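Just below is one structure, and these are the notes that go with it.
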Amino acid sequence: MTADGELLVALAGQPNVGKSTVFNILTGLSQHVGNWPGKTVEKKEGYYSIDGRRIRIVDLPGSYSLTAYSEEEKIARDFIINERPNAIVLIANASAVERSLYLLAEFLLLNVPVVVALNMMDVAEQQGVRIEVRMLEKYLGVPVVPMVASKNKGIKELVSAILHISEKGDNFNPSLADVAEDHRDIFAELAALLEPYIDPPYLIRWTITKIMEGDPDVTERMAQSVPADVWRRTQAVLREHEDSLLAVVRGRYDWIEGAVRSATSKFKRGQILFTDRLDDILTRPSLGIPILFGVLAVVFAITYGLGLPLQQVLESLMRVLVTWIEPLLGQSPWVRGIVVDGLVGGAGTVLTFLPVLFFFFTAMAFLEDVGYMARAAFVMDRFMHFIGLHGKSFLPFCLGFGCNVPAVMGARILESGRIRLLTIFLTPFVPCTAKLAVVTLIAAAIFGKDAFLISWLLIAGNILVLGFTGMIVSKLFFTPMHMPFIMELPFYHKPNPRTIGIVVWKRIIAFLRKAGSIIVLFSVLLWLLSHIPGGDIETSILGSVGRFLEPVGRPMGLDWKMIVALLSGIAARENAIAALGVLYGVGEEGIRVILASVMGHATALSFLVMLMLFVPCVATLVVMKQEMGSWRWFLLSFAFMLFLSYAAGIVAYRGALMIGI
């Protein structure tokens with residue numbers, strides 16, 4: 001407990017057990033998101049207050065065990081060991097309680113009070129699983145709270161259990177999983193050898209167990225702190241009993257079996273569940289992939305159908321705002337230019353994206369919450385192998401539809417360095433929401449009722465380019481490698497409006513912060529560069545640079561202003577619209593009217609193709625360099641995207657002219 005009486009609680013659990021739902025309910029809008037110190041793994045924490053007590057809740061990365069084979073697992077256990085929270089809340093899936101009990105067995109060795117939150121009790125009941133909570137609690141020796149977090153059931157009881165167990169302190173006395181009986185003498189022998197050299201915060205029982213498991217982190221640490229002769233004897237014991245890992249695992253499963261036998265029963269055996277029937281359709285390659293593309297088409301249809309009319313309303317309000325503030329700006333053309341053409345024409349135009357982004361974020365959060373996105377990754381496994389990737393690569397690609405930065409970081413879940421490198425290489429070809437927002441606005445302005453078709457074709461084209469690029473790069477630079485795709489499919493859930501709302505709110509706020517900082521500054525700077533030194537855009541600094549580059553754009557049908565807009569998108573994709581608004585002097589007329597007067601269909605198509613395939617934003621480039629760890633691969637990726645986007649822009653422009661688009 002901290003000096004001010006604040007309780008520290010760690011929220012832990014495997015993926016897809018409802019941990020995010022519980023965290024969102026407890027912390028609401030008090031949560032903060034950042035990165036763990038020195039890591040690229042996301043850190044979430046927030047606060048919950050009750051009866052004058054303040055509870056700080058840290059959401060640990062989801063993991064299946066506490067053996068340091070991944071960064072997420074190492075972060076989770078290091079936090080428990082070093083921070084010593086007042087309590088750990090382990091979120092368990094009641095319909096598959098055995099899996100969560102394995103993780104519980106590891107947490108209990110850390111000697112920190114644990115509360116088991118037995119979530120999805122309704123799902124367990126539907127599957128014919130009955131759990132006697134009090135019997136399970138008695139066997140484990142820890143509080144067990146039945147919950148249905150999606151319906152806000154059990155939250156109060158969970159908080160009460162946290163407060164109660166935090167007050168017990170050292171009186172926590174759970175049942176512990178032992179190693180298999182035939183290896184207990186070995187455990188005692190290793191403990192006798194190493195006990196004098198195990199210092200806090202590491203615990204004797206936990207350390208010896210991890211050494212028997214072959215945990216690389218603990219083994220390396222002990223090898224450095226134990227005298228050489230003692231360590232040689234330790235290694236001799238481990239070599240003589242190479243099945244020590246199996247003894248640890250067998251002991252845990254014996255303990256789990258005892259818990260399951262004492263507290264659970266199953267009925268309605270042989271019943272075909274709704275989940276199974278639905279997955280038989282959604283995970284079958286012949287049906288799953290067309291359904292996936294159909295789902296994405298519906299997402300974009302909803303985004304455009306509901307978002308565009310509201311976007312037009314916001315544009316009208318922007319014009320009213322200009323009319324209202326213009327008389328207040330005085331006679332200075334510089335002040336009027338900065339405010340009307342810079343702020344309103346640039347950043348103000350970007351803010352009109354809000355309705356489109358809102359509906360897109362909501363649709364994607366809905367699909368994540370009900371459990372469909374895991375099925376999408378599963379059905380794309382064959383396609384991923386076809387382009388030289390592992391099925392898990394689709395998970396970072398899914399993140400890429402939101403933003404390419406976390407998508408590149410998400411490639412860390414891939415075990416193979418080769419597959420991780422290729423996934424990062426291809427991630428920028430996944431259209432992020434910023435690209436989609438720009439495409440939405442320009443397509444609607446130029447193509448009218450055909451905007452949806454054009455946008456869908458651009459997205460489909462991007463995915464095809466990703467596939468062909470993967471095939472080529474994989475065959476040219478990598479040795480073929482076949483790996484199985486093993487993934488747990490979560491149960492389908494009823495959508496939780498609160499969880500979806502918090503996700504959408506966080507993403508919208510992140511966008512507004514960008515619009516209120518980077519894009520505002522960029523819009524004003526761009527306007528100044530387009531009017532210095534003489535006040536005329538044609539003779540300005542930006543005009544000179546643009547006209548110098550204009551010959552590069554002619555084969556694509558682009559003038560210098562469009563080229564500058566494309567280049568400005570490297571800072572942030574939304575800047576492309578801000579730049580067009582500033583350079584064409586949107587002012588009171590609105591971006592749609594201006595774009596329709598300066599862009600033909602062929603030019604607009606070329607611009608959009610170039611935008612979709614162009615090098616990503618600076619943030620993505622920086623993260624790509626960090627994650628690739630190689631200048632050679634980073635520069636190859638940059639040059640490839642630059643060449644491909646330019647060539648595709650030329651082909652799109654010439655092709656559109658030939659067929660008369």
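The values are calculated or read from the model by the stated rules, or taken from the named source; none is laboratory data. A quick note: this is a predicted structure, and the numbers were derived from the prediction, not measured. Please note: Cβ atoms are built from the backbone with ideal geometry, for glycine as well, and neighbour counts cover all protein chains shown.
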Please report, ordered by residue number, the helices (runs of 4 or more DSSP H) entirely within the stretch 175-271 with at least 1 residues that are over 28 Å from ARG84 (Cα atoms) and in contact with a Ser or Thr (Cβ under 7 Å, 6 or more places away or on another chain). 184-194, 228-240
Does LEU104 qualify as being under 23 Å from VAL248 (Cα atoms) and either assigned to a strand (DSSP E or B) or modelled with pLDDT of 90 or more (or both)? yes
For the stretch 550-570, the count of residues that are modelled with pLDDT under 80 and surrounded by fewer than 19 Cβ atoms within 10 Å (Cβ to Cβ) equals 2
Matching residues, the stretch 605-631, being modelled with pLDDT of 85 or more and over 25 Å from the mean Cα position of the chain (by Cα): LEU605, SER606, PHE607, LEU608, VAL609, MET610
Considering only the stretch 281-309, state which residues are assigned to a loop (DSSP other than H, G, I, E, B) and either touching a Leu at 6+ places or on another chain (Cβ under 7 Å) or surrounded by 14 or more Cβ atoms within 10 Å (Cβ to Cβ) (or both). THR283
Please find, among ASN152, ASN93, the residue that is at positive phi, touching a helix residue (DSSP H, G or I) at 6+ places or on another chain (Cβ under 7 Å), modelled with pLDDT under 90 and among the polar types (S, T, N, Q). ASN152
Look at TRP206 and say whether it is buried (at least 17 other Cβ atoms within 10 Å of the Cβ) and at pLDDT 90 or above. no
Cβ pairs under 7 Å, 6+ apart, first in the stretch 621-642 and within 19 Å of SER474 (Cα to Cα) and assigned by TED's automatic domain parsing to the domain that holds ILE563, second among the polar types (S, T, N, Q) and in a helix (DSSP H, G or I): MET624/SER637
Residue satisfying all of: in the stretch 617-640; in contact with a Phe, Trp or Tyr (Cβ under 7 Å, 6 or more places away or on another chain) and of a type in the set (A, V, I, L, M); surrounded by the most Cβ atoms within 10 Å (Cβ to Cβ) among these: MET624
